[in-house]
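The values are calculated or read from the model by the stated rules, or taken from the named source; none is laboratory data. Keep in mind that this is a model prediction, so the values were computed, not measured. Positions of Cβ are backbone-derived with ideal geometry, glycine not excepted, and every protein chain shown enters the neighbour counts.
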Amino acid sequence: MSPDRAPVGALFRRFRERLAVEGPNRLGGPGSRADHGPKVTASRVPLPGGAGPGARGGRATGADVARAEAEPGPSREAEPRRRRGGRAGGGEPLNVPPAEFTSYYGRPILKPPVWKWDIAAYLFTGGLAAGSSLLAAGGQLTGRPALRRAGRVASLVGVTASTYFLVNDLGKPSRFHHMLRVAKLTSPMSVGTWILTAFGPAAGLAAVAEAAPWLPERGLLGLGRRLLPPAGHAAGLVAAATAPALATYTGVLLADTAVPSWHEAYPELPAIFAGSALASGAGVGLLAAPTAQAGPARRFAVAGAALELWGAHRVENRLGLLSEPYATGTAGRLLRAGRALTAAGVTGALLGRRNRTLSALSGGALLAAALCTRFGIFHGGVASARDPRYTVVPQRERVDRRASEQD
């Protein structure tokens, strides 16, 4: 240490003595520039009443300091309260501007589903297969061969398309096989895979049985001609028994995810998908069967439309903020189109009892309505996952509601 430099302790004691004599105003008091205070030296101590050492031309005396301490000045603690929310002396605002939530570093809280259009198409074709299988069973039990034939063929087409879309989403056909190595009742995907596996062969056998009249009457093929019809009847009933599970499990699958608008609509999604399946099966019957045999198809249309419209109305009005994705954007347009087509299809089905053209148009409208509904539900859930508001706001509302219930 240099011999002409005082120790740090001595400098600190000297500073405390100066501070005791000059007062806190040496660091800048109220009314100073930009609220930071001037750098006051020993010869620049401001005193109340306009008095100051500048009038005497020298340092502040003990009497000046005593008089300055005796006269009260504005409180330093009260000053920020007076200036809160605004600017003081042209300085920066002291309050923090209201924060608007976007997300963590601008990223979504949830990752949007990686599913693409093929899964939305899978939802539609699965419902089509289930509804057509029920229609075929109705035609089989009531002696309507044209209705039975149309339902079985449409069911086979629907389940084949569903398998293709599912495998295409999985990426490799072997992954579908690997999902059959376990059966997990708590996993809708695992249960759905087994349902599809049980439904597919039964629907396929029932559809193949419709080709029995084309086989020759003798030989090995003649044996197939005699055995296929009873086998097809049994297979058709097995497919119809598993059809309700096939039609509704996809709604449970969507509701079991963390996607806000899907998860919150867990009571309605299975009902919507069941109604959509019935309506699509009715559409097949109205398109392919003559009006004299389309009675079950018309009843399917009324029941399916009632379920579908009830569920769609609930998801667009019951969920509060989470109903918004179903009423806006692509999802809103699709669901509105689905409602209009459903109403038109049911009306045409009831009025076209004897008009083949009107009946076929009604069937096409019901199929288009089912397609719009499935795609609308799909796009609504994806939209709710992309916007963090649909994740955070309902969570905060639930926390506040639980806190109020505890109080």
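How many residues are in contact with a Lys or Arg (Cβ under 7 Å, 6 or more places away or on another chain) and surrounded by fewer than 24 Cβ atoms within 10 Å (Cβ to Cβ) if we restrict to region 130-153?
1
Give me the residue from region 315-351 that is farther than 26 Å from Val259 by Cβ and in contact with a Lys or Arg (Cβ under 9 Å, 6 or more places away or on another chain) and, out of that set, surrounded by the most Cβ atoms within 10 Å (Cβ to Cβ).
Of everything passing the filter in region 315-351, Ala349 is surrounded by the most Cβ atoms within 10 Å (Cβ to Cβ).
So which of Ala161, Ala203, Ala198, Ala209 ends up being in contact with a His (Cβ under 8 Å, 6 or more places away or on another chain) and closer than 18 Å to Ala136 by Cβ?
Ala209
So how many residues does region 186-211 have that are under 21 Å from Gly251 (Cβ atoms) and over 24 Å from the mean Cα position of the chain (by Cα)?
Count: 8.
May I ask you to list pairs of residues, at least six apart or on different chains, whose Cβ atoms are under 6 Å apart, with the first in region 146-172 being assigned to a helix (DSSP H, G or I) and the second being acidic (Asp, Glu)?
Taking only residues 6 or more apart or on different chains, the pairs are Arg149/Glu210; Arg152/Glu210; Phe165/Asp118; Asn168/Asp118; Asp169/Asp118.
Per-residue answers, yes or no, for (1) farther than 18 Å from Thr242 by Cα; (2) in the same structural domain as Gly127 (by TED's automatic domain parsing); (3) not in a helix (DSSP H, G or I):
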site: Val182; (1), (2), (3): yes, yes, yes
site: Leu185; (1), (2), (3): no, yes, yes
site: Gly192; (1), (2), (3): no, yes, no
site: Thr197; (1), (2), (3): no, yes, no
site: Ala202; (1), (2), (3): no, yes, no
site: Leu205; (1), (2), (3): no, yes, no
site: Val208; (1), (2), (3): yes, yes, no
site: Pro216; (1), (2), (3): yes, yes, yes
site: Gly224; (1), (2), (3): yes, yes, no
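Out of contact with any Phe, Trp or Tyr (no Cβ under 9 Å at 6 or more places or on another chain), at pLDDT 90 or above and farther than 15 Å from Ala265 by Cα - does that describe any residue in region 385-401?
no
Do any residues in region 366-394 that are assigned by TED's automatic domain parsing to the domain that holds Ala303 have Cβ atoms under 7 Å from those of residues that are assigned to a helix (DSSP H, G or I) and charged (D, E, K, R), where the two are at least six apart or on different chains, and which pairs are they?
Thr373/Glu308
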